[in-house]
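Read-outs: derived from the displayed coordinates by stated rules, not from any lab. The structure presented is a predicted model; accordingly, all values stated were derived computationally and were not measured. Positions of Cβ are generated from backbone atoms using ideal geometry, with glycine treated the same way; all protein chains shown enter the neighbour counts.
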Amino acid sequence: MRALAVIPARLASTRLPRKVLREIAGRSMLAHVVEGTRGCSQISDVIVATDSDEILAICKRNGWRAEMTSSSHRSGTDRVWEVAQRIAADVYLNVQADEPLVRPEHIQALLAPLQDARVMVSTIKTPCSAADVDNPNAVKVVTDLGGRALYFTRASVPFDRDNSGLVARFKHLGFYGYRRDALEKFNSWPESELERAERLEQLRFLDHGMQIHVVETPYDTVGVDTEEDLKRLQQMFQQTR
């Protein structure tokens, strides 16, 4: 199975401008993501998909493969789809450029469900820490007994009405695996109301009845959206590296 990892990377992030080039332990966030993804031997290639001349130049200097993509894309999935139209693969992985704690085990978990040709989309989850239960920047996911996503939300779910302490909460990690058909359909569908309300692009798949298979991993990450996330990431990075 030819698996192509795509890292959508743009500079125009609203809450933390130029965040993919911010330094962590003396290296850019993007460098950590590229090298963490390359560590998985099951990946055929890694491509940075950007709309920035500056990022493109940095990729060339570092010997990273990169593709210039449209500045009009609203989501990382849209950017992955543009790459998929140029470069053939069996599956495409979306590895977000603000996930510098990515490791080969994350990529392996993404690929596992896609060994079944019937699976169209995969993603991963990890047990939700107490600090993230009420954090709207930490997306939560609820799955059925077969590991298929029922919903993604920024709210604290599921609600433990009786305070039993037995309910498990899971944080969604921002990595996806897709077949080309899934990407093409995503691109053809309009933005859904739930997607717009939660600002979560993966809800478009669920709104149209496409299953997302979710694999659990013990390896947490910190997706960086704010200065506070960056500080937390610095601490977590030192603990895990």
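In this structure, the amide hydrogen of Ala66, modeled 1.01 Å from its nitrogen in the peptide plane, lies closer than 5 angstrom to those of Val48, counting only residues at least 5 positions away or on a different chain. Sorted fewest first by neighbouring Cβ atoms within 10 angstrom, Met68, Met210, Met1, Met120 come out as Met1, Met68, Met210, Met120. Counting only Cα atoms, the size of the chain along its three principal axes is 57, 39, 33 Å, in decreasing order. Label sites at Met1 and Glu193, each approximated as a point 7 angstrom past Cα along Cα to Cβ, lie 3.6 nm apart. Using 17 Å as the cut-off for backbone N distance, which residues of the range 94-120 belong to the label zone defined by a point 7 Å from the Cα of Ala25 along Cα→Cβ? In the range 94-120, the label zone of Ala25 (backbone N under 17 Å from the point 7 Å along Cα→Cβ) covers 98-106. Placing a pseudo-label 7 Å from each Cα along the Cα-to-Cβ vector at Asp162 and Arg15 gives an inter-label distance of 3.6 nm. Suppose we keep just the DSSP beta bridges with both residues in the chain; what percent of those would be antiparallel, to 5? Of those bridges, close to 55 percent are antiparallel.
Applying the Karplus relation 6.51 cos²θ - 1.76 cosθ + 1.60 with θ = phi - 60° to the range 38-44 yields 3J(HN,Hα) values of 4, x, 8, 6, 7, 8, 6 Hz, where x marks Gly and Pro. Along the range 57-62 the Karplus relation, 6.51 cos²θ - 1.76 cosθ + 1.60 evaluated at θ = phi - 60°, assigns HN-Hα couplings of 5, 5, 4, 4, 5, 8 Hz to successive residues, with x for each Gly and Pro. Peptides 77-84, 180-187 ranked from most to least packed, by the mean per-residue count of other Cβ atoms within 10 Å: 77-84, 180-187. Sequentially through the range 144-156, phi angles give Karplus couplings (6.51, -1.76, 1.60; θ = phi - 60°) of 7, 5, x, x, 9, 5, 9, 6, 10, 7, 8, 7, 7 Hz, Gly and Pro residues having no value and appearing as x. Lys-Lys pairs in the chain that are eight or more residues apart or on separate chains and whose Cα atoms lie under 19 Å of each other come to 4.
In the range 174-189, which residues have a backbone nitrogen under 17 Å from the label point lying 7 Å from Arg74's Cα in the Cα-to-Cβ direction? Only 183-189 fall inside the zone, counting backbone N under 17 Å. Stretching the chain fully between Tyr151 and Asp134 yields a gain of 4.5 nm (0.36 nm per residue, less the alpha carbon separation).
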